[in-house]
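Scroll down for the structure; my scribbles are underneath it.
The values are calculated or read from the model by the stated rules, or taken from the named source; none is laboratory data. Note that the coordinates shown come from a computational prediction; the quantities given were computed from them, not determined experimentally. Glycine also receives a Cβ, built like all others from the backbone with ideal geometry; neighbour counts cover every protein chain displayed.
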Amino acid sequence: MTAQIAIMNRNAVALASDSAVTTRSAGGVKVHNGANKLFTLSKYHPVGIMVHNNADFMGYPWETMIKAYRRQLGTRSFPQVSDYAADFFGYLTSQRHLYGDAKQIEWITSFLRNYIRMLKSTFEEIVRSRFEATGALDAGEVQQIFLDFIAENHAILNSRGRVDWIDLAFRDASGRAITPIIETLSAEIFERLLTRDSAAAVIELVREQFLIDTTPAYSGVTFAGFGRDEFLPVVEAYWVDGMIGDVLRYGRVTQSSSNLNNDGRRCWIFPYAQSDTVHRFLRGVDPQFRIKLHSHLDQALSTMTTSLLEQVAPEEGNGAERERITGLVGRAAETCKQNFINQIDDLQMSQFVAPVMDVVDGLPKDELAAMAESLVNLTSFQRKILREAETVGGPIDVAVISKGDGFIWIKRKHYFERDWNPSFFANYYRGDGNEH
């Protein structure tokens with residue numbers, strides 16, 4: 001995993017990233033602390049790029065793909081940072097010789113197979129539990145349980161948020177490409193359980209799952225800096241996970257992106273990947289604690305409402321009057337809950353968020369960098385003292401990008417001694433080096 005930060009005000013944007021990379025095998029979890037995740041996107045212009053979650057794209061290291069792109073980019077520039085992002089993803093799409101049809105099908109098939117197997121395993125647990133409770137199930141009952149199970153999963157899927165695709169035509173083309181693969185895998189894994197109706201339902205469920213969400217092995221890619229026509233910094237965050245049918249699956253993560261040139265804000269702090277510690281620092285409340293607080297509040301109000309209704313409008317009383325009182329009490333409870341949440345929001349903003357953002361707004365470049373590094377360090381320290389794998393750690397790379405000075409490394413690790421490799425640095429602008 002990873003902890004990364006982008007902090008921007010009107011002067012510059014500071015980027016910081018840890019170096020931990022986690023590998024999993026039958027022997028357990030192993031963490032290595034030497035990965036590069038923060039890079040210059042151009043040697044000549046003020047744009048940087050960070051990657052998190054998956055270190056590879058279609059089997060190729062992001063570091064290799066980014067440096068290959070940078071080499072062919074040369075001295076070219078674009079008016080906006082979003083144009084650099086579009087050109088970069090266009091470059092990935094153009095490298096079809098690296099990931100042809102067979103590799104694309106192999107990539108998506110592995111994720112589809114795992115998801116369908118998970119569905120089958122969950123369904124079998126439901127059937128086993130139902131059989132233990134009733135003592136007998138005939139084929140018709142099993143089939144109905146299966147249809148209900150697929151319908152419930154579809155309802156859950158539709159209630160979830162959807163990732164943004166950069167182009168809906170890409171999404172639709174991706175859906176057409178995976179449909180025959182889903183048909184084959186569903187028949188293989190569910191076997192005789194599938195009827196015409198249930199087969200169609202399963203295919204639609206699996207297809208929607210991979211159109212509204214990323215695959216588990218997606219990568220987060222963040223572009224930051226200044227386009228040729230931009231005088232205030234920009235951060236553009238994207239998800240990308242692979243290619244199928246020669247269509248690149250990617251989209252913009254709007255809530256983690258900002259353009260100070262036109263969004264009316266003066267500064268932003270964006271944490272990426274493992275962001276809980278940074279949110280706790282900024283907002284004064286752990287995000288998971290807040291979710292639990294809302295849940296317990298709902299339960300407490302529901303219990304209070306039920307108890308109150310039993311006192312003032314028992315079930316054996318007038319039905320119309322009970323319904324009227326139930327509505328009044330329910331609305332009062334909802335109003336109480338919303339007022340409480342609004343007060344918490346106001347407290348967080350006034351006591352935690354606003355004071356920090358006021359400071360960020362006026363920070364000079366060196367202190368922007370120091371703050372970005374400190375926030376990554378804070379996440380690393382928390383992981384170190386918890387009883388879990390230290391998935392954030394290693395040297396922290398830090399850079400500051402400004403319109404006038406360009407991309408400036410504040411801290412940058414190398415796997416070699418600088419003094420022993422002068423040719424590496426001499427080759428930086430020759431276009432043929434494998435520089436950082």
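Looking only at region 175-216, count every residue that is of a type in the set (Gly, Ala, Ser) and either assigned by TED's automatic domain parsing to the domain that holds residue 55 or touching a Leu at 6+ places or on another chain (Cβ under 8 Å) (or both) and tell me the total.
5
If you go through region 329-351 one residue at a time, do you hit one that is hydroxyl-bearing (Ser, Thr, Tyr), out of contact with any Pro (no Cβ under 8 Å at 6 or more places or on another chain) and surrounded by 12 or more Cβ atoms within 10 Å (Cβ to Cβ)?
No: region 329-351 contains no residue that is hydroxyl-bearing (Ser, Thr, Tyr), out of contact with any Pro (no Cβ under 8 Å at 6 or more places or on another chain) and surrounded by 12 or more Cβ atoms within 10 Å (Cβ to Cβ).
Taking residue 403 as the residue in question, decide whether it is under 22 Å from residue 223 (Cβ atoms), surrounded by 12 or more Cβ atoms within 10 Å (Cβ to Cβ), at pLDDT 95 or above and in the same structural domain as residue 66 (by TED's automatic domain parsing).
yes
Among the residues of region 149-166, write down those that are out of contact with any Asp or Glu (no Cβ under 9 Å at 6 or more places or on another chain), surrounded by 16 or more Cβ atoms within 10 Å (Cβ to Cβ), within 19 Å of residue 127 (Cα to Cα) and of a type outside the set (S, T, N, Q).
149
Filter region 1-43 for residues that are surrounded by fewer than 21 Cβ atoms within 10 Å (Cβ to Cβ) and at pLDDT 95 or above and give the result.
Selection gives 10, 11.
Of all the residues that make up region 233-252, how many are surrounded by 20 or more Cβ atoms within 10 Å (Cβ to Cβ) and part of a loop (DSSP other than H, G, I, E, B)?
Count: 1.
Any residue at all in region 212-221 that's surrounded by 15 or more Cβ atoms within 10 Å (Cβ to Cβ) and either part of a helix (DSSP H, G or I) or in contact with a Cys (Cβ under 9 Å, 6 or more places away or on another chain) (or both)?
Yes.
Please verify whether region 163-172 includes one or more residues that are in contact with a Lys or Arg (Cβ under 9 Å, 6 or more places away or on another chain), modelled with pLDDT under 85 and not in a loop (DSSP other than H, G, I, E, B).
There is at least one residue in region 163-172 that is in contact with a Lys or Arg (Cβ under 9 Å, 6 or more places away or on another chain), modelled with pLDDT under 85 and not in a loop (DSSP other than H, G, I, E, B).
With 119, 92, 112 as the choices, which residue is touching a helix residue (DSSP H, G or I) at 6+ places or on another chain (Cβ under 8 Å), buried (at least 17 other Cβ atoms within 10 Å of the Cβ), in a helix (DSSP H, G or I) and assigned by TED's automatic domain parsing to the domain that holds residue 22?
Being touching a helix residue (DSSP H, G or I) at 6+ places or on another chain (Cβ under 8 Å), buried (at least 17 other Cβ atoms within 10 Å of the Cβ), in a helix (DSSP H, G or I) and assigned by TED's automatic domain parsing to the domain that holds residue 22 holds for just one of 119, 92, 112, which is 92.
Which of the residues that make up region 253-300 are surrounded by fewer than 17 Cβ atoms within 10 Å (Cβ to Cβ), under 19 Å from the mean Cα position of the chain (by Cα) and of a type in the set (D, E, K, R)?
Within region 253-300, 276, 286 meet the criteria.
Suppose the filter is modelled with pLDDT of 90 or more and out of contact with any His (no Cβ under 8 Å at 6 or more places or on another chain); does residue 247 pass it?
The answer is no for residue 247.
Name every residue in region 187-202 that is surrounded by fewer than 21 Cβ atoms within 10 Å (Cβ to Cβ) and touching a residue at least 24 places away in the same chain (Cβ under 8 Å), in order of residue number.
Taking region 187-202 first, the residues surrounded by fewer than 21 Cβ atoms within 10 Å (Cβ to Cβ) are 187-201.
Listed by number, the residues that qualify are 189, 190, 193, 195, 197, 198, 201.
Only one residue in 366, 397 is within 19 Å of residue 47 (Cβ to Cβ), acidic (Asp, Glu) and modelled with pLDDT of 90 or more, so which one is that? Don't jump to the end; show me each part of the working.
Numbers: 366 fails: within 19 Å of residue 47 (Cβ to Cβ).
None of the other options fit; the residue is 397.
Confirm whether residue 206 is in a helix (DSSP H, G or I), at pLDDT below 95 and touching a helix residue (DSSP H, G or I) at 6+ places or on another chain (Cβ under 7 Å). Please lay out each step first, then the result.
Working: in a helix (DSSP H, G or I): yes; at pLDDT below 95: yes; touching a helix residue (DSSP H, G or I) at 6+ places or on another chain (Cβ under 7 Å): yes.
In short, yes.
Would you check if residue 68 is surrounded by 17 or more Cβ atoms within 10 Å (Cβ to Cβ) and not assigned by TED's automatic domain parsing to the domain that holds residue 166?
Against the criterion (surrounded by 17 or more Cβ atoms within 10 Å (Cβ to Cβ) and not assigned by TED's automatic domain parsing to the domain that holds residue 166), residue 68 does not qualify.
Can you pull out every residue in region 253-267 that is within 21 Å of residue 345 (Cβ to Cβ), at pLDDT 95 or above and either of a type outside the set (Ser, Thr, Tyr) or part of a loop (DSSP other than H, G, I, E, B) (or both)?
The one that is within 21 Å of residue 345 (Cβ to Cβ), at pLDDT 95 or above and either of a type outside the set (Ser, Thr, Tyr) or part of a loop (DSSP other than H, G, I, E, B) (or both): 267.
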